[in-house]
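Input: one structure, supplied below.
Readers should treat all values here as calculations from the given coordinates under stated rules, not as data from a laboratory. Fair warning: this is a prediction, and the values are worked out from it, not measured in the lab. Cβ: placed from backbone, ideal geometry, glycine included. Neighbour counts: every protein chain shown.
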Amino acid sequence: MRVEAYIEGLDKPGRSVVEAIRRTVRAAAPTSVEDIKYGMPVFRIGPDYLFYLGGWKKHAAI
């Protein structure tokens, strides 16, 4: 699964929050790489994980 597919599978309210977090991370850490681990997006720089991101209908978690 790719990060885009994960986000597309979210309900609209959760999707907009996750997309906003994703834009913020890309601006703050432009060298970070997105991946999927444990079924959710993860951001990392090199071998170090920054955080995991999960989205649901009424909330998101990092």
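For region 33-45, does any single residue satisfy the condition of being part of a loop (DSSP other than H, G, I, E, B), surrounded by fewer than 16 Cβ atoms within 10 Å (Cβ to Cβ), over 9 Å from the mean Cα position of the chain (by Cα) and of a type in the set (Ser, Thr, Tyr)? Give the derivation first.
Taking region 33-45 first, the residues part of a loop (DSSP other than H, G, I, E, B) are 38-39.
If we keep only those that are surrounded by fewer than 16 Cβ atoms within 10 Å (Cβ to Cβ) too, we end up with 38-39.
Of the ones still in play, those that are also over 9 Å from the mean Cα position of the chain (by Cα) are 38-39.
Narrowing the set further to residues that are of a type in the set (Ser, Thr, Tyr) leaves 38.
Checked against the condition, which is being part of a loop (DSSP other than H, G, I, E, B), surrounded by fewer than 16 Cβ atoms within 10 Å (Cβ to Cβ), over 9 Å from the mean Cα position of the chain (by Cα) and of a type in the set (Ser, Thr, Tyr), region 33-45 yields at least one hit.
Go through the residues of region 42-50 one by one and say whether even a single one is under 18 Å from Gly9 (Cα atoms) and touching a Phe, Trp or Tyr at 6+ places or on another chain (Cβ under 7 Å). Don't jump to the end; show me each part of the working.
At the first step, the residues of region 42-50 found to be under 18 Å from Gly9 (Cα atoms) are 42.
In the following step, the residues that additionally are touching a Phe, Trp or Tyr at 6+ places or on another chain (Cβ under 7 Å) were identified as 42.
Yes.
Just to verify a result, which residue in region 46-62, among those that are more than 11 Å from the chain's Cα centre (by Cα) and in contact (Cβ under 8 Å) with a residue 40 or more places away in the chain, is nearest to Arg2 (Cα to Cα)?
Trp56
Can you list residue pairs whose Cβ atoms sit under 6 Å apart, with the first residue in region 10-34 being more than 17 Å from Arg44 (Cβ to Cβ) and the second being of a type in the set (Phe, Trp, Tyr) and not in a helix (DSSP H, G or I)? Count only pairs 6 or more apart in sequence or on different chains.
Listed pairs, sorted by first residue: Gly14/Trp56.
For the structure I just gave you, tell me whether Ala20 is aliphatic (A, V, I, L, M) and either within 12 Å of the chain's Cα centre (by Cα) or crowded, with 16+ Cβ neighbours inside 10 Å (or both).
Spelling it out, Ala20 is indeed aliphatic (A, V, I, L, M) and either within 12 Å of the chain's Cα centre (by Cα) or crowded, with 16+ Cβ neighbours inside 10 Å (or both).
How many residues are under 19 Å from Lys57 (Cβ atoms), of a type in the set (A, V, I, L, M, F, W, C) and not in a helix (DSSP H, G or I) if we restrict to region 2-32?
Looking only at that region, the number is 1.
Moving on. Name the residues in region 46-62 that are in a loop (DSSP other than H, G, I, E, B), aliphatic (A, V, I, L, M) and surrounded by fewer than 14 Cβ atoms within 10 Å (Cβ to Cβ), would you?
Scanning region 46-62 gives a single hit, Ile62.
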